[in-house]
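*Asks:* Mind looking over this structure? Questions follow.
The values are calculated or read from the model by the stated rules, or taken from the named source; none is laboratory data. This is a predicted model, so every value here is computed, not measured. Neighbour counts run over all protein chains shown; Cβ positions are idealised from the backbone, glycine included.
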Amino acid sequence: MRDSAFLRAARGESVPHTPVWFMRQAGRSLPEYLKIREGVGMLESCMDPALVVEITLQPVRRYAVDAAIFFSDIVLPLKAVGVDLDIKPGVGPVVASPVRTLADVAAIPDLTPEHVPFITEAVRGLVGELGSTPLIGFAGAPFTVASYLVEGGPSKEHAKTKAMMFGAPDVWDALMRKIAGISAAYLRVQVEAGASAVQLFDSWAGALTPDDYREHVMPHSARVLADAGELGVPRIHFGVGTANLLGLMGDAGADVVGVDWRTPLADAIPLVGDRVVQGNLDPTLVFAPTDVMTARAGQVIEAGRAAKGHIFNLGHGVIPSTDPDQLKRLTEFVQSYPV
Ligand code: CP3
């Protein structure tokens, strides 16, 4: 396991082939996923260890990717501590009473392992089934999770969230500390049960200027990453539209910086410095003819050679209507590409 291509690449060591996995590989685009989820709510499925094990394994069986990503959601730990929320199909997380005041923040409990016994059970089960394939645990970064809590649901502008950040710094600070503690504890549970790497998703950090990120967000993400660092596993830090934040996201304490598809790796690599990069094929390229897709994937691999190490991925999650056979061809192409 320690010698798997994925973990070697994450540590910046030489690899037998470029490792590949896909954000959102578990779920949505797979017929076997849609079948097993019939009549089972998203959060309900995340709390059922047998389902989590099966859904996490599905893409590993089908694609033989170099890593598994734990099937869960960034809002699951909030649900586990008692926040009233749901994940609505086709919409995303919806929070019943959005967080606006210090009292609202104080009402959210800290997370302990006793809140998530089903996570420990699922990770242990998975590690047994996965053999030498590493499992990536994950959590939402404080800014991205805060956006769901403050807006009450998905948002384009994150206006209420940023209004709190600019106008109510005491509430903001308390909220970010609360979420950082929950995310760090959630990652710790996954790693202690056997996950061998973690990814911190700050999907919506691209809404911030570098100065605002540095002042209001980075210290809290840094705390989560520092905590995960103490566990001795590689830490991946990913966001969307973060071209001007990549250096800071690395400096926050990442070993691997995830890059979305809008920023060519050639531009991203000097920004992340002496770190491994992950990414970043445009997720829509799997809808192109196979030779077009693989030509572009080859360009991504070539560009990745300039980095300390490279883990191949899409530039964001697998689009639900993706053809699994095309992802299989992409996986085989990357794994057989000369290193
Ligand atoms: O395969 C994997 O990557 C593992 C599972 C995973 C899910 N969510 C399952 C899921 C992971 C890593 C996430 C992370 C997540 N959740 C993020 C960060 C990643 C990113 O895409 O930037 C965010 C922002 C969320 C919040 C969230 N949850 C959204 C935006 C949605 C999608 C809404 C939709 O249906 O379009 C969800 C729901 C969700 N999370 C689904 C899955 C499989 C779909 C649920 C369903 O079947 O209805």
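*Asks:* I want to confirm something. Restricting to the range 222-234 and keeping residues that are in a loop (DSSP other than H, G, I, E, B) and in contact (Cβ under 8 Å) with a residue 40 or more places away in the chain, which single residue is farthest from residue 281 (Cα to Cα)?
*Replies:* Checked the range 222-234; the qualifying residue farthest from residue 281 (Cα to Cα) is 231.
*Asks:* Here's another thing I want to ask about it. Looking only at helices (runs of 4 or more DSSP H) that fall completely inside the range 1-111, which ones have 3 or more residues that are within 21 Å of the chain's Cα centre (by Cα) and away from the ligand (no atom under 16 Å from the Cβ)?
*Replies:* 5-10
*Asks:* Could you list, ordered by first residue, the pairs with Cβ atoms under 6 Å in which the first is in the range 84-99 and under 23 Å from residue 168 (Cα atoms) and the second is away from the ligand (no atom under 12 Å from the Cβ) and acidic (Asp, Glu), at least 6 apart or interchain?
*Replies:* 96/84
*Asks:* Could you please tell me which pairs satisfy a Cβ distance under 8 Å, a separation of 6+ or placement on different chains, a first residue in the range 162-173 that is farther than 17 Å from residue 144 by Cβ and part of a helix (DSSP H, G or I), and a second residue that is at pLDDT 95 or above and among the polar types (S, T, N, Q)?
*Replies:* Once the first residue is farther than 17 Å from residue 144 by Cβ and part of a helix (DSSP H, G or I) and sits in the range 162-173, its partners that are at pLDDT 95 or above and among the polar types (S, T, N, Q) give 171/101.
*Asks:* Across the range 148-160, which residue is farthest from residue 208 (Cα to Cα) among those that are without any contact (Cβ under 8 Å) to a residue 60 or more places away in the chain and surrounded by fewer than 24 Cβ atoms within 10 Å (Cβ to Cβ)?
*Replies:* First pass over the range 148-160, keeping only residues without any contact (Cβ under 8 Å) to a residue 60 or more places away in the chain: 150-152, 155-159.
This time we only want the ones that are surrounded by fewer than 24 Cβ atoms within 10 Å (Cβ to Cβ), so: 151-152, 155-159.
On the way: 151: 16, 152: 19, 155: 14, 156: 12, 157: 10, 158: 10, 159: 11 Å.
Within the range 148-160, the match that is farthest from residue 208 (Cα to Cα) is 152.
*Asks:* Test of understanding: among 330, 314, which residue is on the phi < 0 side of the Ramachandran plot, within 16 Å of the ligand (Cβ to nearest atom) and out of contact with any Lys or Arg (no Cβ under 9 Å at 6 or more places or on another chain)? Full working, then the answer.
*Replies:* Values: 314 fails: out of contact with any Lys or Arg (no Cβ under 9 Å at 6 or more places or on another chain).
Within the list 330, 314, the selection yields 330.
*Asks:* So residue 178 clears everything in (1) buried (at least 20 other Cβ atoms within 10 Å of the Cβ); (2) basic (Lys, Arg); (3) free of Cβ contacts under 8 Å to residues at least 12 places away in the same chain except one condition, right? Which one?
*Replies:* The single condition residue 178 does not satisfy is (3).
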